[in-house]
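What follows is a single structure, written as structure tokens, with notes after it.
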Amino acid sequence: MSYRDPTYVIFDGGNDMWAYGFMLGWVRNDKVAFDFKDAHDLDTMTSRAQGEEYVKKHLRARMEKSVAALVIVGESTKNLYKFIRWELELAQSLGLPIVATNLNDKRRQDDDLCPPIIRNTCVLHVAFRMAIIRKALDEWPGEFSRLSAAERAQGWRYYNDEIYRSVGL
């Protein structure tokens, strides 16, 4: 469950910090039913966090304690290699289930914006909406773990319109 097990959030800190902030706001808002354990809260980085090696070491430690990764897909996400590509590669190598949430509200893989490293891989793609993200974080890790290698090789996944309606979207 997303509220008990850490989720590692991947995002463009320069352009999409607002979306990450929205998610943190949902967690703090008592009037909405959204909660997740943010892997970025597992430790703190010191002022030495300026070095890439130091940062990657701490990000790796956080991801190794996570049960899923959520990538916020915005306009420039696919072009960022220093950290986003590295984080996605690490998530894949650790076998973490990945949820891609599209800031443009697409409910499926957005071929124009999806980072190439996860394009056409077994990633669940959803719109950036609280209810569907909650469902994905609660259910996708279990679903992913039950998929065989052959099923995972079939590529990306998405929720159909009926699922969106079932969560009020």
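Of note:
- Scanning region 85-104 for residues that are surrounded by 12 or more Cβ atoms within 10 Å (Cβ to Cβ) and not hydrophobic (A, V, I, L, M, F, W, C) gives 85, 87, 89, 92, 97, 101, 102, 104.
- Some residue of region 130-138 being free of Cβ contacts under 8 Å to residues at least 12 places away in the same chain and either in a strand (DSSP E or B) or farther than 15 Å from residue 102 by Cα (or both): no
- Which numbered condition residue 69 fails, given (1) part of a strand (DSSP E or B); (2) touching a Cys at 6+ places or on another chain (Cβ under 7 Å): (2)
- Test: residue 115 is closer than 30 Å to residue 165 by Cβ and out of contact with any Gly (no Cβ under 9 Å at 6 or more places or on another chain): yes
- Within region 60-100, the set of residues being under 20 Å from residue 24 (Cα atoms) and out of contact with any strand residue (DSSP E or B) (no Cβ under 8 Å at 6 or more places or on another chain) comprises just one member, 74.
- Looking across region 73-84 at every residue that is more than 13 Å from the chain's Cα centre (by Cα) and buried (at least 16 other Cβ atoms within 10 Å of the Cβ), the one that is farthest from residue 126 (Cα to Cα) is identified as 83.
Bear in mind that the values in this text are calculations on the coordinates, not laboratory data. If you're wondering where the values come from, they're calculated on a predicted model, not measured in any experiment. Ideal geometry is used to build each Cβ from the backbone, glycine not excepted, and the neighbour counts take in all protein chains shown.
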